[in-house]
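Here is the structure we will look at.
The values are calculated or read from the model by the stated rules, or taken from the named source; none is laboratory data. Note that the structure is a prediction, hence the values are computed from the model and not measured. A quick note on method: Cβ atoms are made from the backbone with ideal geometry, for glycine too, and the neighbour counts reach across all protein chains shown.
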Amino acid sequence: MTQNAKSSGIVARWNGLPLYWRILLALVIGVVTGVVLGKRAVIFELPSKIILQLLGALAPPLILIAVTHVLMTTEISGRTTRRLAGLLLLNTTVAILIGLGVANVLRPGSWSKIDAPKAAVTSPEKAGGISPVDLVVQNVPKSILGPLGDKSNIIGVILIAIAFGIALRTEKDKPIRNVRDVVEIAYAVLLKVLHWIIALVPLGVFSIVAKVVGTEGFGPFKAMGAFILAVLIALLLQSMWYLIRIRLFSWVRPLDMLQKMRDALIMAFSTASSTATMPVTYACLTEKVGVREESASMGALVGANFNNDGTALYEAMAALFIAQMIGQDLSITQQLIIVLTSIIASVGAAGIPEAGLVTMTLVFTAVGLPIEYIALLLAVDWFLDRCRTTINVLGDVNISCLLDGRIKQIPPAVAMEAYNVGN
Ligand code: ASP
């Protein structure tokens with residue numbers, strides 16, 4: 001076998017592994033590398049910085065196109081839209097407040113301290129000269145349109161052209177008949193580029209874990225454990241909120257619903273994608289729980305596009321966690337900004353694995369937190385993503401049940417049959 005064939009076999013095998021396996025392996029290799037190299041592992045800072053910057057660059061156009069697409073394609077009446085919007089906003093705000101509340105009480109980030117990255121304290125110019133790492137990072141686009149208005153960032157423009165040129169190759173023959181087609185093609189292309197960047201996430205995990213273990217030891221991982229626990233507690237509280245609301249404001253019985261929605265909830269956990277789970281959620285709601293088709297489609301199909309409470313809760317907690325870890329206190333105003341940006345970020349998050357990480361860059365930037373530290377979360381995100389996706393789906397179920405109301409409506413055909421039997 002030639003050297004080439006051998007290496008492409010390894011690459012194919014690696015790509016064939018599920019993402020969470022790749023991330024777990026990267027985690028282990030990162031720990032070993034950090035232990036072996038010690039402080040020298042600081043050289044691995046670069047890949048995670050670049051990957052985070054790329055994820056951040058995709059966030060604004062993704063949110064723009066995703067929200068435009070949903071608004072453009074859904075057909076719902078004014079009254080129901082208002083009711084749906086009210087319920088969505090209430091649930092998401094409660095989720096974020098629960099997240100911030102738990103993070104403020106448990107303070108998972110204070111379990112270990114980590115130095116704030118230099119970039120957050122001094123700019124390279126102020127420090128006198130630009131390091132080679134900064135030079136590379138500066139040429140990676142921070143936003144998709146940014147480099148187009150900046151004569152000095154031609155490398156950034158070329159990188160964007162290469163990415164979109166390749167992504168468009170499979171879309172180039174698709175006919176464009178109306179505005180909807182344009183938006184759909186833009187969305188497909190952005191998701192394709194996003195998947196490429198997500199494929200780099202294991203590299204980001206390896207590099208940040210190697211660097212942190214090498215330079216800071218295992219201390220930060222104590223805080224990571226506390227963070228996982230805090231997120232799980234907050235997600236549990238959010239499910240309580242859903243179940244209590246369902247018990248009080250709909251005819252559905254919460255425990256019965258949980259049992260009948262089992263397939264959808266397990267699928268959400270195992271795929272980490274609420275979009276992939278959507279058809280199962282809808283089928284369980286209509287066929288097993290027995291809510292009206294209209295309520296199920298509003299909650300599980302329309303609402304699901306906006307409704308990512310688990311993601312909102314997670315993004316807010318992550319921001320607070322990192323702030324606590326690097327010793328940067330966030331004022332009440334900054335926490336309010338976190339609430340607002342987390343709402344927007346969760347609405348814009350696509351229902352696919354790791355999408356929350358992309359929009360999280362917006363929340364961090366809004367309150368001036370260094371996005372490099374999101375990389376630290378990559379190591380545990382494969383697990384927490386599954387948990388928050390399950391809550392995202394439970395949130396859609398909650399909306400469907402609430403829209404179905406306090407009295408179960410019997411479908412006309414069944415009602416007619418019952419009437420005939422009675423007479
Ligand atoms: N994976 C989540 C979902 O599909 C989105 C996220 O990353 O938070 O709902």
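Here is a check on your reading of the model: is residue 380 near the ligand (Cβ under 8 Å from one of its atoms), of a type in the set (A, V, I, L, M, F, W, C) and at negative phi? Walk me through it before giving the result.
On the way: near the ligand (Cβ under 8 Å from one of its atoms): no; of a type in the set (A, V, I, L, M, F, W, C): yes; at negative phi: yes.
No: the conditions fail for residue 380.
So, residue 322, is that one more than 30 Å from residue 82 (Cα to Cα) and either near the ligand (Cβ under 10 Å from one of its atoms) or buried (at least 23 other Cβ atoms within 10 Å of the Cβ) (or both) or not? Steps first, answer last, please.
On the way: more than 30 Å from residue 82 (Cα to Cα): yes; either near the ligand (Cβ under 10 Å from one of its atoms) or buried (at least 23 other Cβ atoms within 10 Å of the Cβ) (or both): yes.
Criteria met by residue 322.
Based on this model, can you work out whether residue 210 counts as within 16 Å of the ligand (Cβ to nearest atom) and surrounded by 21 or more Cβ atoms within 10 Å (Cβ to Cβ)? Break it down stepwise before answering.
Details: within 16 Å of the ligand (Cβ to nearest atom): no; surrounded by 21 or more Cβ atoms within 10 Å (Cβ to Cβ): yes.
Spelling it out, it is not the case that residue 210 is within 16 Å of the ligand (Cβ to nearest atom) and surrounded by 21 or more Cβ atoms within 10 Å (Cβ to Cβ).
Output the residue which, of all residues in region 257-294 that are among the hydroxyl-bearing types (Ser, Thr, Tyr) and either assigned to a helix (DSSP H, G or I) or away from the ligand (no atom under 15 Å from the Cβ) (or both), is surrounded by the most Cβ atoms within 10 Å (Cβ to Cβ). Lay out the reasoning, then the answer.
Step one: of region 257-294, the residues among the hydroxyl-bearing types (Ser, Thr, Tyr) are 270-271, 273-275, 277, 281-282, 286.
Applying the additional criterion that residues be either assigned to a helix (DSSP H, G or I) or away from the ligand (no atom under 15 Å from the Cβ) (or both) yields 270-271, 274-275, 277, 281-282, 286.
Details: 270: 14, 271: 17, 274: 32, 275: 15, 277: 28, 281: 27, 282: 20, 286: 18.
It comes out as 274.
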Task: Matching entry among 327, 310, 356, 351 (being assigned to a loop (DSSP other than H, G, I, E, B) and within 11 Å of the ligand (Cβ to nearest atom)) - done: 351
Open item on the list: Against the definition (among the hydrophobic types (A, V, I, L, M, F, W, C), crowded, with 23+ Cβ neighbours inside 10 Å and closer than 23 Å to residue 88 by Cα), how does residue 300 come out, yes or no?
Closed with: yes
Open item on the list: residue 201 - would you say it is over 20 Å from residue 66 (Cα atoms), buried (at least 20 other Cβ atoms within 10 Å of the Cβ) and modelled with pLDDT under 85?
Closed with: yes
TODO: Could you please give the count of residues in region 153-194 that are of a type in the set (A, V, I, L, M), in contact (Cβ under 8 Å) with a residue 24 or more places away in the chain and surrounded by 11 or more Cβ atoms within 10 Å (Cβ to Cβ)?
DONE: 9
- [ ] Provide a single number: the residues in region 301-330 that are modelled with pLDDT under 85 and of a type in the set (Gly, Ala, Ser).
- [x] 2
- [ ] Among the residues of region 212-256, write down those that are without any contact (Cβ under 8 Å) to a residue 60 or more places away in the chain, in a helix (DSSP H, G or I) and more than 23 Å from the chain's Cα centre (by Cα).
- [x] 243, 244, 247, 248, 254, 255, 256
Task: Search result, residues across region 339-348 that are within 16 Å of the ligand (Cβ to nearest atom) and in contact (Cβ under 8 Å) with a residue 60 or more places away in the chain - done: 342, 343, 344, 345, 346, 347, 348
